[in-house]
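Structure first, commentary second.
What follows draws every value from the coordinates through simple rules; no lab data is involved. Source: prediction; values computed, not measured. Cβ coordinates were reconstructed from backbone atoms using ideal geometry, including for glycine residues, and neighbour counts include every protein chain displayed.
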Amino acid sequence: MSHSPALLENLAHTVGTPFWLYEADVIRQRIAAIQSITSGEGLQARFAMKACPATKILQEMAAANIWIDAVSGNEILRARHAGHPAGQSPPVICFTSDVFRDNALDVVLEHGVLPNIGSPGMIRDLAAAGYRGKISLRINPGFGHGHVNSCDTGGPSSKHGIWYQDLPSVQAAAAAAGLQIAMLHAHIGSGPQFDELLANLNRLVAEFAALAPSLPHLEAVSLGGGIPHDYRNPAAFLPLEKLGALFATARQTLSDAASRPLRLEIEPGRYYVAPACTLVTRVSDVKQTQTNPKGPGATFAMVDAGFVDLVRPAMYGSYHGIEVVGRAPAEPTEPIVVAGPLCESGDVFTRDDAELLQPRALPRPLPGDLLTLRDAGAYGYAMSSNYNSIGRAPQIWLEPDGQLTQISRRETLADILKAETDLPL
Ligand SMILES: Cc1ncc(COP(=O)(O)O)c(C=O)c1O
C-alpha cells in the first residue's frame, strides 16, 4: 500500500530522513497467513528473527504463539526480552548456527535453549561446556536453492549444516557425548520458483523420513524457512495452501516413519515482514553523466539513504520497488539511477548482481522529493550498519488506526563511540 504523502512528510519533519515505516496490519496479515497453514495438529511455526529482530515484532510473534529461531546469543536474549519463554518444554526458542560465537554457548546453556547445530565440532563444544541434553542437527542435504546464488543454502558449496553423509559419525559422537538428537532440521531456501520449493521440501521430507527410524530420541523435524516474497510484484498470489497441505502430509509421513507423533516445524523469516516496511528517503540532488567511449550516460537521483540502511541491492542485487512520493502513476517516466551518500560506487539501489546500474523507470524526481523503497522489512534494518559512521535510521510503527510510535531512534555519534575504549591490555 502507498502511504499518503502528508503522512510521510510529517514523519520526515518529525524524525528526519531516512526512516523505516512498519505497518502493523501487514505483519499481522502475514502472521495470520502462516497460522492458517500451521494450525493443524503437530505443526509449529517459528520466526527466523534475523529477518527483523525489533522488540515490537518479536512481541507480535509471541502474542501469536509463533516460536523463535535465533542465530546468536544476543538474538536469544532479545527474544527473551520480548517475552518469549526460555527452556525446552516446549523449545520456544531454538538456536540455529554453525558456530558458537561470543556469548552464544553460555546463553544457550543458561536459558535452556535447544541448540540446532550446523557443524559437527559443535558437539565437542557442547560436551566441553558440560551440556548433556537434547540437540537438533541442521543437515545440509546436498540440494537446495537460495533466493540468489550467493545465498546457497544446500549443496556442496554451502557452508551451512552437517553434510548428510556425515550423519552416522555425528550420531556416534552425539551418543558418546550424552546428547540426544531430538530434531532434524534443514533450511534449503526458496529458489526462484515456488514449485521448486515444493519439490525440494518433498525430497527433504522423504530423506528425513528414511532417517527417522534410526533416531530413537527424535521429537521434531524442521523444514526451515524460505517461503518467498515476490519483490517485483508484492501483491502476487502465492498458493500457500499447497505448502499447508505439504506440511500436514509431511508431518504424517514423518510420524509414521518414526512410529510416534513428531512435531513438524517451519521457520520463515522474510515472508512475515518483507512487505511490512518502507524505507523513506529524501532526494538531495538529481545529476547527470554523459555518454562517452566508456559507456552510456545516466541520470542519478541522489538520496540520503544508502546501503548502510538497506544493503540487499548492493549485496545481492535485490530488487525493491521505488516510488517518488506524491507523483501520479500516469506521469511520464525516464530511466533513473537511485544512489546513496556512501563512499562506495556500489551504493546504488537500482542494480542487479551483475550490473552496477539498472536505471529504473521513474518520474524525474526533484531535489527535496521523498522516495520510498518498498518491501524493506526483511533483512532491511536488521542488516543495516554503521559504515561511514552515519548511525542507523529510526524505525516507526504504524497501527491501522493511524497511531504512530517511534520504536527506535536515530543512532547518534555517542552510540557509535560507546564501544570504543582506551584499555591497556
Ligand atoms: C536457518 C535459517 N532458517 C530460516 C531462515 C529464514 O529464511 P527466509 O527469510 O528466506 O524465510 C534463514 C535465513 O537465512 C536461515 O538461515
Among 337-350, 121-134, 265-278, what's the highest-first ranking by average C-beta atoms within 10 angstrom per residue?
-> 265-278, 337-350, 121-134
Which shape class, rounded, prolate or oblate, goes with the chain when its Cα gyration tensor gives a ≥ b ≥ c as root eigenvalues, a/c under 1.5 marks rounded, and past that a/b bigger than b/c marks prolate?
-> prolate
Could you tell me the distance between the Cα centroids of the stretch 17-92 and the stretch 296-338, to the nearest Å?
-> 30
Of PRO141, PRO296, PRO216, the most mobile residue in a GNM of the chain (C-alpha springs, cutoff 10 Å) is PRO296
Cβ-based exposure ranking for HIS217, HIS185, HIS3, HIS111, in which fewest neighbours within 10 Å come first | HIS217, HIS3, HIS111, HIS185
Take the Cα of GLU9, step 7 Å along the line toward its Cβ, and report every residue of the stretch 257-284 whose backbone nitrogen sits under 19 Å from that point.
-> 280-284
If we sort 68-74, 83-89 on the protection proxy, mean other Cβ atoms within 10 Å, highest first, what's the order?
-> 68-74, 83-89
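Using r as the Cβ-Cβ distance of CYS343 and ARG124, and R0 as 41 Å, what FRET efficiency do you calculate, to the nearest 0.05? Don't skip to the end; give the middle numbers.
On the way: r = 43 Å, r/R0 = 1.04.
So, using R0 = 41 Å, E works out to roughly 0.45.
With a 10 Å Cβ neighbour count serving as the proxy for reagent exposure, in which order, fewest first, do PHE143, PHE208 appear?
On the way: PHE143 18, PHE208 26.
Going from sparsest to densest Cβ surroundings: PHE143, PHE208.
For ASP230 and ARG132, compute 0.36 nm times the residue count separating them, minus their Cα-Cα distance, and round to one decimal in nm.
Values: separation 98, 0.36 × 98 = 35.28 nm, distance 4.29 nm.
Contour length minus the Cα-Cα distance gives 31.0 nm.
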Most exposed first, judged by fewest Cβ atoms within 10 angstrom, THR405, THR291 run THR291, THR405
Under 14 Å from the TRP163 label point (7 Å along Cα→beta-carbon), backbone N, the stretch 110-146 = 119-121, 140-143
Report the label-to-label distance for GLU241 and GLN35 in nanometres (one decimal), using points 7 Å from each Cα along the Cα→Cβ vector.
-> 2.0
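Is the stretch 279-343 best put as rounded, prolate or oblate by its Cα gyration tensor, with a ≥ b ≥ c the root eigenvalues, rounded for a/c under 1.5, and otherwise prolate when a/b is larger than b/c, oblate when not? Before the final figure, lay out the partial values.
Values: a/c = 1.61, a/b = 1.08, b/c = 1.49.
Taking the square roots of the gyration eigenvalues as a ≥ b ≥ c, the stretch 279-343 is oblate.
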Provide the packing ranking of 230-241, 247-258, i.e. peptides ordered by the mean count of other C-beta atoms within 10 Å per residue, highest first.
-> 247-258, 230-241
Sorted by chain and then number, the residues having a modelled amide H within less than 5 Å of the amide H of ASP304, at least 5 places away or on another chain, are ARG282, SER284
Between GLN288 and SER259, take the C-beta separation as r, use R0 = 56 Å, and let me know the FRET efficiency to the nearest 0.05.
-> 0.20
